[in-house]
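The values are calculated or read from the model by the stated rules, or taken from the named source; none is laboratory data. Treat the numbers as computed from the prediction; the structure is a model and nothing was measured. Counting neighbours? That spans all protein chains shown, and the Cβs are built from the backbone with ideal geometry, glycine included.
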């Protein structure tokens, strides 16, 4: 009990770190959750929607029609920004394009030397080009209809009718697994491993390592506490802390998943997360088997390398589909990869048997960590005793 | 005396192989990892050619040779948008379903009935068995292009219906090229790849992590912080001289560590920072000194427990790193839009902004502003630290 109490005391002293990493996870979760306002793309065809800024200086019938059309296609924010601000916003991919409709556009749009709508975007990326193409074809359509003798309002209606995708797109069911959009359950669960890894490593690594410092270990060994009691106390403490972290994270994410809790997707995702949590405890066993003083001194760097490294390489921060094949070859050796893959399979409607392989690979990583950790501890002890 | 302390502190710092090793490992490991993960993302996202099947018949060429017209459509940078495969409808459907990505087409433009031009895309069945397509960018581009041709056909049919006498005039207007009404302008900058932000954040984090070395200077010079500090306090050494020499030694070692890490990124991995590398190195060096000075300043508050001071530094490194874009590249912009004051006071965000300014604007007003902030804050932290370290009471009778 003494060891357990001391263990929990050390964990408690790292509470600020827990709050910090939990806060990061909360922010990420809120950001992800806020992206799911509607229910797009499950039926029929929907054009790609991006975030754009529109500045309408003209406020004429024509410019209003253009703005309305853009609003029907994209997430439009009406604002006026200077050139530098626009550059910052587009570089960071916060917005795809900035559309500036000049004053007097309506009066001069049929001239030989018309006023032009300015579109600022990264011309080497297709998203901005698409917005420009779409806008160009819409305005061009209106001008052509007007040139053909239609009034402006007729031209607007006819152009609208012509570019309405529902009227001319036929969809053929494909088995190729198209579509890059994911459900809210997937997106929310995807970020959790970073939080789980950071918090558990931050809490457990200093606590377990502290008990492995030579002096502390020797003092414990000569006390009335047996080695088994010590190990059981450390194990119980680790499991208790990980369970609290797991439950805390799950409850927090589930708040955003009203109506989807206890669905098959949710249950499998929870199971995936539970296995990952246990794997993280296995990682603690492995890391803490190395020099305790070194770990205690550099725990921030070690935790950052592991949590960031595993998250970037394993498909947590960067989707698996955009990682190169060579990177994926390396990623296969990480539990985060199998976690993300398992989550993707769950997303595609896989049942328990389909994702058993992913669960197994994750668990295998944990088992390897624990085995290696115990072996290293044993070898270190053996060398010291000699 | 100054030189003696400087040399000895330098030796102590150089011999701290664990701290140097882990700092280097941090930059090398995460740098390599970021490189592997992001190297090809932007390159792969750059304007791609959309392989498209076109189904034509004799009626299709009402507005000219449609196959040729489609081939000429291009992105703003001159890249052709479509890679056209002219074929019959049945074969086009097979190509749409083809598993081989090299041979498969993204969509079919069916021009057989010019009054009802169709676009065929692939979709997936949802839980209710309904086919859906959330619109990948290539699909949306195709939809826009087909929309233009549909305008033409609609224009003709509407004219026939409402003003048949104007049909000739309308057909003539279709041949005429309308004046360009959209002026496209690209954002300028050295490297427009947004993923380079991760490398800015990595260097920033490396720099900020040097704060632990700054903290060590205080620990080694203050009587209530370490046995070594007690010995230093009773020796005939001016405290300010001791701390300045100690800080200088730490700066030499930590700046060298940052430079090695940066050299690996710039020359080893060939990361394009989009600016003159001399300024990139200068910014990284000054950022490291800022990190050291921050650690030196925070550790002067010896009335706060060591754990609390450690936590404060950790919050600055990890929290500041997160807010400056270490986990989500556009986080700094999100903060700028929602609460810009955080970006002004978060040292990590200012350092990241200095790298960003170098890349997008070159050496100019914005870069100088960031550098003045970094240097100013460093001076404030060091001078405040030196003032705080004077005449401290550790125990009373």
### Flag if residue A:251 is in a helix (DSSP H, G or I), more than 24 Å from residue A:288 (Cα to Cα) and either without any contact (Cβ under 8 Å) to a residue 60 or more places away in the chain or in the same structural domain as residue A:26 (by TED's automatic domain parsing) (or both)
yes
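For residues that are part of a loop (DSSP other than H, G, I, E, B), modelled with pLDDT under 70 and facing another protein chain (nearest Cβ under 7 Å), tally how many sit in segment B:171-189. Full working, then the answer.
In the first step, residues of segment B:171-189 are kept if they are part of a loop (DSSP other than H, G, I, E, B); the result is B:176-181, B:187-189.
In the following step, the residues that additionally are modelled with pLDDT under 70 were identified as B:176-179.
Narrowing further to those that are facing another protein chain (nearest Cβ under 7 Å): B:178-179.
Looking only at that region, the number is 2.
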### Message
Take the conditions within 14 Å of another protein chain (Cβ to nearest Cβ) and buried (at least 18 other Cβ atoms within 10 Å of the Cβ) and apply them to residue A:264. Does it pass?
### Response
no
### Task
Could you grab me the full set of residues in segment B:150-161 that are facing another protein chain (nearest Cβ under 8 Å) and without any contact (Cβ under 8 Å) to a residue 24 or more places away in the chain?
B:151, B:154, B:155, B:158, B:159
## Note on the structure
The lone condition residue A:170 fails out of (1) more than 8 Å from every other protein chain (Cβ to nearest Cβ); (2) not in a helix (DSSP H, G or I) is (1)
### Query
How about segment A:105-120: which of its residues are within 7 Å of chain B (Cβ to nearest Cβ) and at pLDDT 85 or above?
A:116, A:117, A:118, A:119, A:120
### Task
Quickly run through segment A:116-158 and pick out the residues that are part of a loop (DSSP other than H, G, I, E, B) and closer than 19 Å to residue B:189 by Cα.
A:122, A:123, A:124, A:125
### Query
Filter segment B:1-23 for residues that are crowded, with 17+ Cβ neighbours inside 10 Å and more than 30 Å from residue B:238 (Cα to Cα); which is nearest to the other protein chains (Cβ to nearest Cβ)?
B:22
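Does residue B:332 satisfy being assigned by TED's automatic domain parsing to the domain that holds residue B:281, in contact (Cβ under 8 Å) with a residue 24 or more places away in the chain, part of a helix (DSSP H, G or I) and within 25 Å of residue B:293 (Cα to Cα)? Walk me through it before giving the result.
Values: assigned by TED's automatic domain parsing to the domain that holds residue B:281: yes; in contact (Cβ under 8 Å) with a residue 24 or more places away in the chain: yes; part of a helix (DSSP H, G or I): yes; within 25 Å of residue B:293 (Cα to Cα): yes.
Here the answer is yes, as residue B:332 does meet what is asked.
Suppose we filter segment B:70-82 for residues that are more than 11 Å from chain A (Cβ to nearest Cβ) and loosely packed, with under 15 Cβ neighbours inside 10 Å; how many remain?
Of the residues in segment B:70-82, the ones more than 11 Å from chain A (Cβ to nearest Cβ) are B:70-72, B:80, B:82.
Now drop any that are not loosely packed, with under 15 Cβ neighbours inside 10 Å, which leaves B:72.
Total satisfying the criteria: 1.
Being more than 7 Å from chain A (Cβ to nearest Cβ), modelled with pLDDT of 85 or more, assigned to a helix (DSSP H, G or I) and under 20 Å from residue A:310 (Cα atoms) narrows it down to one residue among B:291, B:321, B:295; which is it?
Details: B:291 fails: under 20 Å from residue A:310 (Cα atoms); B:295 fails: under 20 Å from residue A:310 (Cα atoms).
So the residue among B:291, B:321, B:295 that is more than 7 Å from chain A (Cβ to nearest Cβ), modelled with pLDDT of 85 or more, assigned to a helix (DSSP H, G or I) and under 20 Å from residue A:310 (Cα atoms) is B:321.
So, residue A:184, is that one within 30 Å of the chain's Cα centre (by Cα), more than 28 Å from residue B:98 (Cα to Cα) and either modelled with pLDDT under 85 or at the interface with another protein chain (Cβ under 7 Å from one of its Cβ atoms) (or both) or not?
Values: within 30 Å of the chain's Cα centre (by Cα): yes; more than 28 Å from residue B:98 (Cα to Cα): yes; either modelled with pLDDT under 85 or at the interface with another protein chain (Cβ under 7 Å from one of its Cβ atoms) (or both): yes.
The answer is yes for residue A:184.
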### Query
Residue check, residue A:213 against (1) farther than 22 Å from residue A:279 by Cβ; (2) at pLDDT 90 or above, all met but one. Which one?
(2)
### segment B:190-201 - residue that is more than 9 Å from every other protein chain (Cβ to nearest Cβ) and either modelled with pLDDT under 75 or assigned to a helix (DSSP H, G or I) (or both) and, of those, surrounded by the most Cβ atoms within 10 Å (Cβ to Cβ)
B:201
### Query
Among the residues of segment A:288-309, which ones are more than 13 Å from chain B (Cβ to nearest Cβ) and either within 29 Å of the chain's Cα centre (by Cα) or farther than 17 Å from residue A:238 by Cα (or both)?
A:288
### Residues satisfying the stated conditions in segment A:131-167, i.e. touching a strand residue (DSSP E or B) at 6+ places or on another chain (Cβ under 9 Å), facing another protein chain (nearest Cβ under 7 Å) and touching a residue at least 12 places away in the same chain (Cβ under 8 Å)
A:132, A:135, A:139, A:165
### Message
Suppose we filter A:94, A:81 for residues that are touching a strand residue (DSSP E or B) at 6+ places or on another chain (Cβ under 8 Å), in a loop (DSSP other than H, G, I, E, B), surrounded by 15 or more Cβ atoms within 10 Å (Cβ to Cβ) and within 9 Å of chain B (Cβ to nearest Cβ); which single one remains?
### Response
A:94
### Summary
Going through segment B:262-275 in order, the residues found to be part of a loop (DSSP other than H, G, I, E, B) and in contact with a helix residue (DSSP H, G or I) (Cβ under 8 Å, 6 or more places away or on another chain) are B:269, B:271, B:272, B:273, B:274, B:275
### Task
Out of A:29, A:48, report the one residue that is in a helix (DSSP H, G or I) and either more than 13 Å from every other protein chain (Cβ to nearest Cβ) or touching a helix residue (DSSP H, G or I) at 6+ places or on another chain (Cβ under 9 Å) (or both).
A:29
### Task
Look through segment A:329-348, keep the residues that are within 10 Å of another protein chain (Cβ to nearest Cβ) and either surrounded by 19 or more Cβ atoms within 10 Å (Cβ to Cβ) or touching a helix residue (DSSP H, G or I) at 6+ places or on another chain (Cβ under 8 Å) (or both), and return whichever of them is modelled with the lowest pLDDT.
A:330
### Task
Of the conditions (1) at pLDDT 85 or above; (2) touching a helix residue (DSSP H, G or I) at 6+ places or on another chain (Cβ under 6 Å); (3) over 20 Å from residue B:36 (Cβ atoms), residue A:309 clears all except one; give me its number.
(3)
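Going through B:369, B:307, B:338 one at a time, which residue ends up being modelled with pLDDT under 85 and surrounded by fewer than 19 Cβ atoms within 10 Å (Cβ to Cβ)?
Residue meeting the stated conditions: B:307.
How many of the residues in segment B:344-366 are farther than 22 Å from residue B:276 by Cβ, surrounded by fewer than 19 Cβ atoms within 10 Å (Cβ to Cβ) and touching a helix residue (DSSP H, G or I) at 6+ places or on another chain (Cβ under 9 Å)?
Looking only at segment B:344-366, we keep the residues that are farther than 22 Å from residue B:276 by Cβ, and these are B:344-349.
Still in the list and also surrounded by fewer than 19 Cβ atoms within 10 Å (Cβ to Cβ): B:344-345.
Going one step further and asking which of them are touching a helix residue (DSSP H, G or I) at 6+ places or on another chain (Cβ under 9 Å), we end up with B:344.
Of the residues in that region, 1 qualify.
Just checking, which of B:30, B:111 is touching a helix residue (DSSP H, G or I) at 6+ places or on another chain (Cβ under 8 Å), closer than 19 Å to residue B:146 by Cα, crowded, with 21+ Cβ neighbours inside 10 Å and in contact (Cβ under 8 Å) with a residue 24 or more places away in the chain?
None of the others qualify; the one that does is B:111.
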